[in-house]
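So the structure is just underneath, and the comments pick up after that.
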Amino acid sequence: MAPRGPKPKPTRLKLLQGTARKHRLARAEPEPETVSPTPPDHLAGPALEEWGRVVAEMVRLGIMSRLDR
């Protein structure tokens with residue numbers, strides 16, 4: 001039997017999109033700590049600068065964690 005409907009979105013994504021409804025939010029959703037993960041070893045120069053810029057913004061929004069690396 002095929003799954004029914006779209007997969008549920010994470011609560012943080014719903015909050016960012018403005019579609020969060022209190023009665024529809026997951027009660028036991030895991031919340032990893034928002035931190036800036038270390039960049040991959042192969043990055044250097046402009047790529048490393050871009051990593052820092054993008055990751056800093058994602059951490060500020062609360063959508064980046066160590067798990068995302």
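Values in this text are rule-based calculations from the coordinates and carry no lab data. A quick note: this is a predicted structure, and the numbers were derived from the prediction, not measured. We place every Cβ from the backbone using ideal geometry, glycine too, and count neighbours over all the protein chains shown.
State whether the residues of the stretch 12-32 include one that is among the acidic types (Asp, Glu) and in a loop (DSSP other than H, G, I, E, B). Yes; the residues of the stretch 12-32 include at least one that is among the acidic types (Asp, Glu) and in a loop (DSSP other than H, G, I, E, B).
The residue of the stretch 31-50 that is surrounded by the fewest Cβ atoms within 10 Å (Cβ to Cβ), among those that are touching an Asp or Glu at 6+ places or on another chain (Cβ under 9 Å) and under 23 Å from Leu61 (Cα atoms), is Pro32.
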